[in-house]
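First comes the structure, then the notes that go with it.
Only the coordinates and a few stated rules stand behind these numbers; no lab work does. Model, not experiment: these values are computed from the prediction. Note that each Cβ is placed from the backbone with ideal geometry, even for glycine, and that neighbours are counted across all protein chains shown.
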Amino acid sequence: MNAGIRSLAAALAALPFAALVIASLAFRWTWPDLLPSTWWWEARGEARLPIGWDYVASPAARAWVGLATTATIAGAVTVVGLAIAWPAARVLAHERFRGKAVVETLLLAPLLVPELAIALGLATVAVQVGVAGSWWGVLLAHVVPVLPYLVRTLAAVEVGFDRDLADAARVHGASAWDVLRYLRLPLLAPGVAASALFAFLVSAHVVVVTVLVGQGRVETTATQLFARLGGGGALDPITAAFALLMTLPGLVALVILQRVLRSQTDVAAVSRLARDPGAGADRTRTLTP
């Protein structure tokens, strides 16, 4: 029963993606045909100009420029966001201070305010500061909607960290750098990687902020797709191809995240040994012939 429900849920989740794949490979797909009557590879030999994926791969489409810009900005936003959000999340998770609830509410403000309102405000500030229409302006603007996700997820990660381990390490002579390098980072790496993936995906899919702050000079895959949709290309195979390309940076980031999470079992074992070194010694004696 549960397997059937999971299969049905997976099929429903994959249905829009499958429709995009079919639409991107179609050359002629009219109602009421269930599948395209002519596929892209069937028509490419007779076409005088690049069509379908041939056009997307050509320099004229600038798809690779959009992908490179998307990945670069999203990666930089993730690094900057982590540098700002992680210390804040650590304080929110472990410290008590007056006004903590107010700070938490303010950090959630970008999630409560409509994206268009945030984009208009950021565009106004960018114009006044002089970074509108620049790569740096878009990067800094993306940090604003990314921070709430990072702070909330990193705070949850920090709550699960046992500070007694750090205290025990300091008692035995470990410096602050040693605690960070050999204890905090290995134990928190899976959670931090998951938070970084969220930040990367949010930045990669931000459209309105990029359009208004970038003023059309900063091309990302999201803005390229938005431009095609604004031109009435909702059912165009090239538009479907751009929609698929928009998922590519996230898929690459997900693969990297899975590699990081492979060490989660080992990290848990390290944590258990740190709590009870005698258990590890007993196990070693048991395994040693």
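I need the calculated FRET efficiency for the pair residue 159 and residue 115, taking r as the beta carbon distance and R₀ as 22 Å, to the nearest 0.05.
So the FRET efficiency works out to roughly 0.15.
So how do 142, 205, 172, 94 line up by other beta-carbon neighbours within 10 Å, fewest first?
Details: 142 27, 205 19, 172 7, 94 12.
If I rank by nearby Cβ atoms, fewest first, I get 172, 94, 205, 142.
Full-extension gain between residue 255 and residue 44, please, as 0.36 nm times their residue separation minus the C-alpha to C-alpha distance.
72.7 nm
Determine ³J(HN,Hα), in whole Hz, for all residues of segment 176-183 in sequence, where each value follows from phi through the Karplus function 6.51 cos²θ - 1.76 cosθ + 1.60 and θ = phi - 60°; x replaces Gly and Pro.
These are the phi-based 3J(HN,Hα) values: 4, 5, 5, 4, 5, 6, 9, 10 Hz.
Within a 10 angstrom radius of the beta carbon, how do 84, 73, 51, 118 rank from fewest other beta carbons to most?
84, 51, 118, 73
Using alpha-carbon pairs under 8 Å, 6+ residues apart, how would you state the relative contact order of the chain in percent?
About 26 percent, as a whole number.
So what's the back-of-envelope 222 nm ellipticity for the chain, counting only DSSP H runs of four-plus at -39500 (n - 2.57) apiece and dividing by all residues, rounded to 500?
Mean residue ellipticity at 222 nm (helix-derived): -24500 deg cm²/dmol.
If amide hydrogens are placed 1.01 Å from N in the peptide plane, which non-local residues have theirs closer than 5 Å to the one on residue 38?
HN-HN under 5 Å from residue 38: 27, 28.
In nm, to one decimal, how far is the residue 227 label point from the residue 97 one, both placed 7 Å along Cα→Cβ?
Result for the modelled spin labels: 4.5 nm.
Taking the highest mean first, how do the peptides 41-47, 10-16, 104-110 order by number of other beta carbon atoms within 10 angstrom per residue?
With the highest mean Cβ count within 10 Å placed first, the list reads 104-110, 41-47, 10-16.
In terms of the ratio Rg/(2.2 N^0.38 Å) built on C-alpha atoms, what value belongs to the chain?
Working: Rg = 24.3 Å, N = 289, 2.2 N^0.38 = 18.9 Å.
The value comes to 1.28.
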